[in-house]
Each structure stands twice: as C-alpha cells, then as structure tokens.
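Below is one structure, written out as structure tokens, with a few remarks after it.
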Amino acid sequence: MAEADERNIRTLSLGRTTPQPNTLVIFGAAGDLTRRKLLPAVWNLKLDGLLPENFAVVGFTRRDWDDQTFREGAREAVAKYSRRKVDAGKWPEFEKGLFHSKGAFDDPAAYAELKRKLDEIDRERGIPGNRVYYLSIPPSTIATCVEELQRAGLVESLEPDRPFTRIIVEKPIGHDLESARRINDDVARVFDERQVFRIDHYLGKETVQSILVLRFANSIFEPLWNQKYIDHVQITVSEEEGVGTRAGYYEEAGALRDMVQNHILQLLCLTAMEPPWSMSADVVRDQKMGVLNCLRTIPADEVDKHVVRAQYGPGKHGGNEVPGYRREDRVKSDSTTETYVAIKAWIDNWRWAGVPFYLRTGKALPQRASEIAIQFKPVPSILFNAEPNGALEPNVLVLRIQPDEGLSLQIATKAPGPRVRISPVQMDFQYGEAFRDESPEAYERLLLDVMAGDATLFMRRDAVEASWAWVTGILDAWKQGGARWLPEYAAGSWGPVEADRMIQNDGRRWREL
Ligand code: BG6
C-alpha cells in the first residue's frame, strides 16, 4: 500500500478546542501508571509542542520526596518507558514544571499544603487556577480524596468566569453495578458530570478512534453494516502476558471485569452504534448508549451456554515454561478467577437483529493482538458457491487495533490458470506504511482532551453503569453456580475447547490470529 499523500489529508476542526493552561495533579503518583504512561505521555506532548505554555505537573504521594526527587524519578521513567527518549536539551525546561506534594489521602493538612503549593505554582508559572486532578488511586480512597479536595477549597464551580477544575477517574470504577454507582455518587457529590472524565485508555488508541472514520467517512461500508449483509462479528483482545505482578488486583477482578466491562464493550459500541450527527461529546456518547441499551441481558440460566470462562494452566511460551495461573505469585491455589472469557452477545435493535457478536479476551494466549472482524454473509449457493463440499470463504473486514495497526479485507478472486479456481486474498492497509508519523500513545490524546475540555472519548456515567449492569448479570450467575474450578487452557494456547465448542455449535469458528 502506497504512502498517504499529504496534500489529500483533510483536517477537520469538529469543534475541537485547544488545551488551556493548567496544573495536572496526579494522586497516586508513585504508582506504575504514572511512571509507565502518564509522565511519558506528558513528555511526548511537550516534544510535540501540544502542551499549553503555562503548565505544571504535581505528583501527590506519601513518599518522603521533594521536587528534585520527583524530577529524577520522572526522568528515569521517561528514559525507560517513553516512546521518545529524554532529550538533554529540552529536559531541563520541562523538568522545572514538575513538582511533588507529600501527603496521605485522608489527611486534611496534606490538602491544605497542596493548595498552598498549587497557588504558588499558579503565580510562578502564570497558570490561572485551572486544575486537572488525576485519580490513579484505589477505588476505596476516591470518596475521601474528592471530599478533602472540596474541603480544602480545591474544587471550583462551573460558573463561566471561574478557572476550571476537572477530575480524571481511572478504572476500576467499582467491581459491580452497586459499587460503581457508589463511586459515581461519591464523585457527583463534589463534581458536576461535566467536570468528570472517566478514562478507558482503549478509546485513546488511534485505531479505535479510526473506527468511526472508517464507518462514516466512507460510502462503501455503511450500506452493508447491518443484519442484511453481516453474518457475525468477532471482537478479540488477546494478551500474551500472564498475570505478571498484578495478581493482587487481578484475583479480585478477572477477565470479565478487567477487560469486558470497559474495553471490549467500548469496542462493541463503536462497531455497532448508529451514526452520530456531530462529534460533540454527548451526541457520540448518546449513540453508544443506544447500543448498551439494546444489549440483550443474558438470563442467569443461560449464562453457561453463552459465556465461557477459563483459567490458564501450565504451558509453554516462547520456549519458556509458564506456571498455571493458580501457581502464580500471590494467586490462591484454589482461585476461580477467570483469565479468559468468551461471550456470545446480541444487540436487539433493527440493525443487528440476529447477528451474534462473539467477544473473547484472555491472558497467556499465543500473542498480543486486538481486532474487530466483521464477517459478511456467504454468497448464494449457486454458481461459484455451489460445491457442497467446498463452500467459499466469506468476505471478512478486519480492523486491527494492535499491533500491526491497520485493516484488511478478505475477498475471493480467481487463481490464474485455465480452470476456475477461487482463492481468498487479503487487501491490506497498514498505518505504519501509509503514514510516516508514529501514532501517539492513548494517554497523550486523552490528557490533551481533558485539558481542552473535550469529553467525547471518555465514559459517561450512564455508560459505565449500563456496562456494569450487563456484566453484573453474568457475575451473579457465576456466583450462584459456585464453581470450585474452571476449565483450563494451556498457557500459550488459544483458549479452552469449551470456547471453540460454543462458536462451533453455531456452525462458525474463531478466527486464527
Ligand atoms: C488494562 C487491564 O486496562 O488493559 C490490563 O487492566 C490489560 O489487565 C491492559 O493488560 C491491556 O491494555 P493494552 O493497551 O496493553 O492492550
């Protein structure tokens, strides 16, 4: 595929606003997310000249650090995790905008000190009091943190002439519907919904954003995007890594909560939603809600038929032995936490009636690969498709989210030669080949959007709760069932036979990735 021609690229403003001067305060700044994602994201935004000129980052932690220690830690984190490394010429100026504020989440004095520090930074760096609070903290501490922020006078109202206060809430937002509602209520006691940005980093991925462009900036797909032409959809998010060092969190979560409730249902929404009539945040989010509202609840007594959960057992990966999940560090030896889940879902609306959506995700699978595959209906069984023993391969449109970002369309073509031999071939497009620019990381785009006040790529409260409602139905059925063990799949394999059977019973098969 040839490189894209710069002269033909259209830049649309679509109501985008520019990021305003602000201070980003990270609660839980000693954590992994800050080092691996947030600081590298801010650094890359700086290198791209996208940060507002008057900008600062304050890391709030319990550690006995001063500004200098935080700056050194940030430099190490950027050196290790950023897509673009430390640039010795630009770093010193960037570093001057990094600060540390020490304290515990429940200590009012720590918030008073934070306020003092923020006011000083505002004065020194010409920031008009705008603040973005990033909560990278355990869900159980959110209520205290937001209350203390308010009590310390660190939350502005939405009055037009006041500086802005925005809050970013990280997942997990709860572990079921009830706890998610509680967290949302806690946040809502202090912040207006328009100030709340619930992050799902999948929405910041370039290829995820391009789903809407593919669907609605091309005239050839949308007419076919419905039950008349589509046989089924497969959404796969496979991970090569096992649970790694995150067992403490994962034991309580499992694949359904960790990946389906948020990332996979968001991919489903973007694939299945009706065309929004504008890109304004609420129009897009209303259309996504339209999908969640039509997602068929799986009755408790049918969960086993439509949902397969499993755990990885011992296996081999890249030549190395992988212990089974139950033998991983900090995992209970009788754990029933699922590391794999496959679901057959239905969207009961006009567009999707009768089209199953097969969703699957798991850890310790053969490779890291996420994709959405739209499989079209077969051509009639006459002419080229008349052979009873050799049905033609169907057309499949695959949107590759990661890695190897791009899309491919499988079509049938005639193999050269005197006989009629029909072969599937792939028309393939890769972002890396067509565009020279490297894609930004999800967190870069998302942080920028918060600074600009654009909530399009963030989860609205109703969507979080609708997703939880659907997932909680499955969790409740599992709880009632009280399984003492789960089906196993060998680490490094494509999941349990039960998942193969589920799709094979419908006369279909999982795609090989
Ligand atoms: C996170 C999950 O939300 O997404 C992790 O908690 C998972 O368990 C990760 O590994 C996957 O994200 P990505 O961007 O690497 O596909």
Next item on the list: Could you list Phe27, Phe164, Phe458 in order of exposure, starting from the residue whose Cβ has the fewest other Cβ atoms within 10 Å?
Entry: Phe164, Phe458, Phe27
Next item on the list: Mind checking which of Ile142, Ala30, Val86 is farthest towards the positive end of the range 1-147's charge dipole, using Cβ charges of +1 (Lys, Arg) and -1 (Asp, Glu) about the Cα centre?
Entry: Val86
Notebook entry, point to check: With charges set only on the Cβ (+1 for Lys and Arg, -1 for Asp and Glu), what does the dipole of the range 358-469 come to about its Cα centre, in debye to the nearest 20?
Noted result: 620 debye
Next item on the list: Rounded to whole Hz and in sequence order, give me ³J(HN,Hα) for the range 86-94 from the Karplus expression 6.51 cos²θ - 1.76 cosθ + 1.60, θ = phi - 60°, writing x for Gly and Pro.
Entry: 5, 9, 4, x, 9, 4, x, 5, 4
Next item on the list: Step through the table entries Lys205/Lys363; Lys37/Lys115; Lys205/Lys479; Lys115/Lys288; Lys80/Lys171, compare each Cα-Cα distance with 29 Å, and write down the pairs that go over it.
Entry: Lys205/Lys479; Lys115/Lys288
Notebook entry, point to check: Counting every Cα pair in the chain, what percent are over 41 Å apart?
Noted result: 24 percent
Note to self: Quick one: 3J(HN,Hα) in Hz for the range 488-494, Karplus 6.51/-1.76/1.60 with θ = phi - 60°, rounded, Gly and Pro as x.
What the structure shows: 10, 10, 5, 3, x, 10, 8
Next item on the list: For an R0 of 25 angstrom, estimate the FRET efficiency from the Cβ-Cβ distance between Asp161 and Lys115 and round to the nearest 0.05.
Entry: 0.80
Next item on the list: Tabulate in residue order the Karplus-calculated ³J(HN,Hα) for the range 456-465, using 6.51 cos²θ - 1.76 cosθ + 1.60 with θ = phi - 60°, rounded to whole Hz; enter x for Gly and Pro.
Entry: 3, 8, 10, 7, 7, 3, 4, 6, 4, 6
Check: Ranked from highest to lowest mean number of other Cβ atoms within 10 Å per residue, what is the order of the peptides 408-416, 186-194, 287-295?
Finding: 287-295, 186-194, 408-416
Next item on the list: List Glu444, Glu124, Glu206 from most exposed to least, where exposure is judged by having the fewest other Cβ atoms within 10 Å.
Entry: Glu124, Glu206, Glu444
Notebook entry, point to check: Using Cα pairs under 8 angstrom and six or more residues apart, how large is the relative contact order of the range 306-379, in percent?
Noted result: 26 percent
Check: Once amide H atoms are built 1.01 Å from N in the peptide plane, which residues 5 or more positions from Arg131, or in another chain, come under 5 Å H to H?
Finding: Thr23, Phe164, Thr165, Arg166
Notebook entry, point to check: Can you give the charge dipole size of the chain about its Cα centre, rounded to the nearest 20 debye, using +1 on the beta carbon of Lys and Arg and -1 on the beta carbon of Asp and Glu?
Noted result: 700 debye
Check: Using modelled amide H (1.01 Å from N, peptide plane; none on Pro or chain starts), what sits under 5 Å from the amide H of Ile422, excluding residues fewer than 5 places away?
Finding: Ala415
Next item on the list: Would you mind ranking Leu265, Leu407 by Cβ crowding within 10 Å, fewest neighbours first?
Entry: Leu407, Leu265
Check: Between Val355 and residues 5 or more places away or on another chain, which pairs have amide H atoms under 5 Å apart, with H built 1.01 Å from N, and which residues are they?
Finding: Ile347
Item checked: For the range 22-64 versus the range 298-337, the gap between their alpha-carbon centres in whole angstrom -> 35 Å
Next item on the list: Would you mind putting 382-390, 172-180 in packing order, based on average other-beta-carbon counts within 10 Å, highest first?
Entry: 172-180, 382-390
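Throughout, read-outs are computed from the coordinates displayed, never taken from laboratory work. None of the values given here were measured: they were computed from a predicted structure. Glycine gets a Cβ as well: all are built from the backbone with ideal geometry, and neighbour counts include every protein chain shown.
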